[in-house]
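First the structure, in the form of structure tokens, and then the observations on it.
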Amino acid sequence: DQQVKQNSPSLSVQEGRISILNCDYTNSMFDYFLWYKKYPAEGPTFLISISSIKDKNEDGRFTVFLNKSAKHLSLHIVPSQPGDSAVYFCAASSDGNQFYFGTGTSLTVIP
Amino acid sequence: SQTIHQWPATLVQPVGSPLSLECTVEGTSNPNLYWYRQAAGRGLQLLFYSVGIGQISSEVPQNLSASRPQDRQFILSSKKLLLSDSGFYLCAWTREGTEAFFGQGTRLTVV
């Protein structure tokens, strides 16, 4: 049972535009959410996180939004750059020990 | 600084052969350790996690097992590999309540 879902397997965006990656979760006990970026044949690297006490967290070009009532979070990348092309995973945790990942969205930023 | 080592990077094994993947963490003590598998369309699937020596929690029943013989060592094993065990295996560590840090991964092909 997939507790964290990313319904868009792929996304293409023009360089300089905004990339919006979406993530939905089913477990209302999740209170900590993270985004990871992954290049082929490498392990994921941490990008940005948000706890359930906030609805927005910003770090440079990356902003994560959390809508707890809708059990939805999104990652905005503005402006998108070709180097942002990668697979993005969202993850969620309720206890800080177990992390559940989504299926990933492959982002392609077109120069 | 903390680092995580995972080996081998690639592995080709015949069906029915045993498996042993090793992961070690440096620069931290008492980490939470994880084994994930990335398979097409499944995202990052949590296989095992450990909060201490000898403490293993299994998320998915299968023919894989994990062991933690030392504080910073986590081993993924199988007595007899199946074709369906092919995938990209990732080791990760966290401190409770923080993001996970991943190894470079092992590409396992069962033939």
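The values are calculated or read from the model by the stated rules, or taken from the named source; none is laboratory data. Note that the structure is predicted; figures quoted are calculated from it, not measured. Don't worry about glycine lacking a Cβ; one is built from the backbone with ideal geometry, like all the others, and counts go over all protein chains shown. Surface areas here come from the heavy atoms of the whole protein model, side chains and all, with no ligands, DNA or RNA. Shrake-Rupley method; radii C 1.70, N 1.55, O 1.52, S 1.80 Å.
When every alpha-carbon pair in the protein assembly as shown is counted, what percent end up more than 29 Å apart? Present the calculation step by step, with values, prior to reporting the outcome.
Values: 6497 of 24531 pairs.
Cα-Cα pairs of the protein assembly as shown separated by over 29 Å account for 26 percent.
Where Lys and Arg each count +1 and Asp and Glu each count -1, what net charge lies around B:G105 among other residues with Cβ under 11 Å from its Cβ?
Numbers: positive: A:K38, B:R37, B:R107; negative: A:E42.
It works out to a net charge of +2.
Phi-derived couplings, Karplus 6.51 cos²θ - 1.76 cosθ + 1.60 at θ = phi - 60°, listed residue by residue for the stretch B:43-52: x, 9, 9, 6, 9, 9, 9, 9, 9, x Hz, with x used for Gly and Pro. Cα gyration tensor of the stretch A:30-107, axes a ≥ b ≥ c as square roots of the eigenvalues: rounded (a/c below 1.5), prolate (a/b > b/c) or oblate? Oblate, since a/c reaches 1.5 and b/c is not below a/b. Look at the alpha carbon pairs under 8 Å that are at least 6 residues apart: their mean separation over the length of chain B gives a relative contact order of 36 percent.
How many percent of the accessible area of chain B is carbon or sulfur, using a 1.4 Å probe? Kindly include the intermediate steps, with their values, before the conclusion.
On the way: 2680 of 5110 Å².
Of all accessible area on chain B, carbon and sulfur atoms account for 52 percent.
Note on A:D59 and B:Q2: the model spin-label points, each 7 Å out from Cα along the C-beta direction, lie 1.4 nm apart.
At 1.4 Å probe size, with every protein chain present, just tell me what the per residue accessible area of the protein assembly as shown comes to in Å². Write down the numbers at each step before the final one.
Details: 10250 Å² over 222 residues.
About 46 Å² of surface per residue is accessible.
Once the Cα-Cα distance is subtracted from the 0.36 nm per residue extended length, the B:T28 to B:Q62 segment shows a gain of 9.2 nm.
Computed from the alpha carbon atoms alone, the convex hull of the stretch A:2-44 holds 120 Å³ per residue.
Once the other residues with Cβ under 9 Å from the Cβ of B:P18 are scored (Lys, Arg +1; Asp, Glu -1), what is the net sum? Mind showing how you got there, number by number?
Values: positive: B:K79, B:K80; negative: none.
Charge balance near B:P18 sits at +2.
Taking each pair of distinct Cα atoms in the stretch B:32-111 once, what is the resulting Kirkwood hydrodynamic radius in Å?
On the way: mean 1/r = 0.0768 Å⁻¹.
By the Kirkwood definition, the hydrodynamic radius is 13.0 Å.
Each of A:S106 and A:S52 was given a label point 7 Å from its Cα along the Cα-to-Cβ line. The distance between the two points is 3.4 nm.
Determine the sum of side-chain charges near A:D24: Lys and Arg each +1, Asp and Glu each -1, restricted to other residues whose C-beta is under 9 angstrom from that of A:D24. Don't skip to the end; give the middle numbers.
Working: positive: A:K5, A:K71; negative: none.
Once positives and negatives cancel, what remains is +2.
Short-range pairs are left out: with C-alpha atoms under 8 Å and at least six residues apart, the relative contact order of the stretch A:2-62 is 24 percent.
Pairs of Cα atoms under 8 Å, at least six residues apart: use those to get the relative contact order of chain A, whole percent.
Values: 271 pairs, mean separation 41.9, N = 111.
Dividing the mean separation by the residue count of chain A yields 38 percent.
Here the spin labels are modelled as points 7 Å beyond Cα on the Cα-Cβ line, and at B:R107 and A:S74 they lie 3.5 nm apart.
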